[in-house]
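J.: Here it is, the structure, as structure tokens.
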Amino acid sequence: MGIDPFLLLRPDILAQVAKTTFQGAMNIAVEGPLALPAEQEGLWISSTIFISGEWAGLLRLDMPEGLAGELTAAWLGLTTVPDRSAVRDAMGELANTLAGILKPSLPGARSVSVPRVCDTLKALTIKGKRDIIGATLSFGNRLFQASLWKCPPEFCIKVVPKPELNKVPALSR
Amino acid sequence: MRALVVDDSATIRHVLSQLLGSLGMDVDCCTGGAEALEYLASAKTADLLLLDWNMPDITGLDLVKAVREQIRYRYSKIMMVTSETDVELMKFALDAGADEYLMKPVNRENLTMKLGLLGLTAMPEAHHGH
């Protein structure tokens, strides 16, 4: 039994993956990981990608709604913030891309779900939580957060909405 | 040249439509598998299809197979657009009839490089007829 790859991941690796995602998708530079937590009050958009397989968990991107709208407008080449559904779709896509880039670092991670996006009233508090790696990032002086959660495999098997992907035949390695 | 983008994400449809349009292509979009299957069954056709791998109502793999079952799409190029970074998973799509895959994040550089591999970059109009 090898070392759980989750134990080798650190906030700076997660932050680097987030930077790569934002730069590659939107040509936007974000900073991090920052030492301070992203704990501003207000409406946040939380995008979750479930990861299933021998390694199971979820990737979560939490961003204040205002910042999410601004970044979405920039991504789509718009001069005004688009409607809520467009912003939520864009945040889901960012989380999806982030999870895809991170997946090879998690041997045994088999498939990723479509994004689940919801509103929250404040950022998730991660510090001190076991089985969660979190990184606070910033764009300008606005903070947001990416986190990777390790979950029991049966949890993610139930929520990943694409069971057919789990039926892909075993690959020879 | 006409391209068909099939993706459940409005963001990706928007981004790909803009990029392909700037390359001189006409672009149609479908929001998922059901709409894509309707498109395939219609009189419309596309020279290039960009298919999402991970959609709520169909897998990209099944969609590739559905496209290749259509005789009108025998010469169309299929590019998978995916956040899947597992190359071996993409091999399933290539074996099923896809020609290329584009890993997210999608941007102009990645897309034009992949179109180049399909021979579609320099003069897309030159490939209008098969």
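J.: For the protein assembly as shown, what is the mean residue ellipticity at 222 nm derived from helices alone (per DSSP H run of n ≥ 4: -39500 (n - 2.57); sum divided by total residues; nearest 500 deg cm²/dmol)?
T.: Counting only the DSSP helices, I get -10500 deg cm²/dmol.
J.: How large is ³J(HN,Hα) for each residue in the stretch A:24-38, as worked out from phi by the Karplus curve 6.51 cos²θ - 1.76 cosθ + 1.60 (θ = phi - 60°), to whole Hz, x for Gly and Pro?
T.: x, 7, 10, 6, 10, 8, 10, 10, x, x, 9, 6, 8, x, 8
J.: Considering only protein heavy atoms and a 1.4 Å probe, what is the carbon-and-sulfur percentage of the accessible area of the protein assembly as shown?
T.: C and S fraction of accessible area: 57 percent.
J.: While we're looking at this one, here's another question. Hey, can you grab everything whose amide H is under 5 Å from the amide H of residue B:30? Only 5+ residues off in sequence or another chain; H modelled, so Pro and N-termini drop out.
T.: Placed amide hydrogens put B:5, B:6, B:7 under 5 Å from residue B:30.
J.: Sticking with this structure for a sec: Taking amide H atoms as placed 1.01 Å from N in the peptide plane, list the residues 5 or more away in sequence, or in a different chain, whose amide H sits under 5 Å from that of residue A:110.
T.: Result for residue A:110 returns A:52, A:53, A:54, A:55.
J.: Compute the relative contact order of the stretch A:1-75 as a whole-number percentage, counting only Cα pairs closer than 8 Å that sit 6 or more residues apart in sequence.
T.: Once divided by the residue count of the stretch A:1-75, the mean separation gives 21 percent.
J.: Need one number: % antiparallel among DSSP beta bridges in the protein assembly as shown, to the nearest 5.
T.: Here the antiparallel bridges make up roughly 65 percent for the protein assembly as shown.
J.: Taking the Cβ of residue A:75 as the center, what net charge do the other residues with Cβ under 12 Å away carry, scoring Lys and Arg +1 and Asp and Glu -1?
T.: -3
J.: Next up: What number, in percent, do you get for the relative contact order of chain B if the mean sequence gap of Cα pairs under 8 Å and at least 6 apart is divided by its residue count?
T.: 24
J.: Among DSSP bridges having both ends in chain B, what percentage is antiparallel? Round to the nearest 5.
T.: 5
J.: Also, quick follow-up: Could you sort the residues of the stretch B:35-70 by number and keep only those whose accessible area is reduced by 50 Å² or more in the all-protein-chain setting relative to the chain alone, 1.4 Å probe?
T.: Listed by number, the residues meeting the 50 Å² cut-off are B:54, B:59.
J.: Still on this model: Using a 1.4 Å probe on protein heavy atoms only, how many Å² of accessible area do B and A hide from each other, summed over both chains and rounded to 100?
T.: Between B and A, the summed buried area is about 2200 Å².
J.: For the protein assembly as shown, what is the accessible area per residue in Å² when the probe is 1.4 Å?
T.: Accessible area per residue, the protein assembly as shown: 45 Å².
J.: Which net charge results for the neighbourhood of residue A:103, defined as the other residues with beta-carbon distances under 13 angstrom from its beta-carbon, given Lys and Arg at +1 and Asp and Glu at -1?
T.: So the environment of residue A:103 carries a net charge of -2.
J.: Amide H neighbours of residue B:59 under 5 Å, at least 5 residues apart or on other chains, H built in the peptide plane: list them.
T.: Those qualifying (amide H under 5 Å, at least 5 residues apart or on another chain) number zero.
J.: Using the Cα gyration tensor of the stretch B:9-130, with a ≥ b ≥ c the square roots of its eigenvalues, what is the shape: rounded (a/c below 1.5), prolate (a/b larger than b/c) or oblate (neither)?
T.: rounded
J.: Here's something else I'd like to know. Which of the trypsin sites (Lys or Arg not before Pro) found in the stretch B:23-130 are in a DSSP loop and have at most 15 neighbouring Cβ atoms, other than their own, within 10 Å?
T.: B:44, B:74
J.: How large is ³J(HN,Hα), in whole Hz, for each residue of the stretch B:67-72 in order, when computed from phi with the Karplus curve 6.51 cos²θ - 1.76 cosθ + 1.60 and θ = phi - 60°, using x for Gly and Pro?
T.: 3J(HN,Hα) across the stretch B:67-72, in whole Hz: 5, 5, 6, 8, 4, 5.
The values are calculated or read from the model by the stated rules, or taken from the named source; none is laboratory data. It should be emphasised that the depicted structure is a prediction, and the values quoted were computed from it without experimental measurement. Glycine also receives a Cβ, built like all others from the backbone with ideal geometry; neighbour counts cover every protein chain displayed. Protein only, heavy atoms only, side chains kept; ligands, DNA and RNA dropped before computing areas. Shrake-Rupley method; radii C 1.70, N 1.55, O 1.52, S 1.80 Å.
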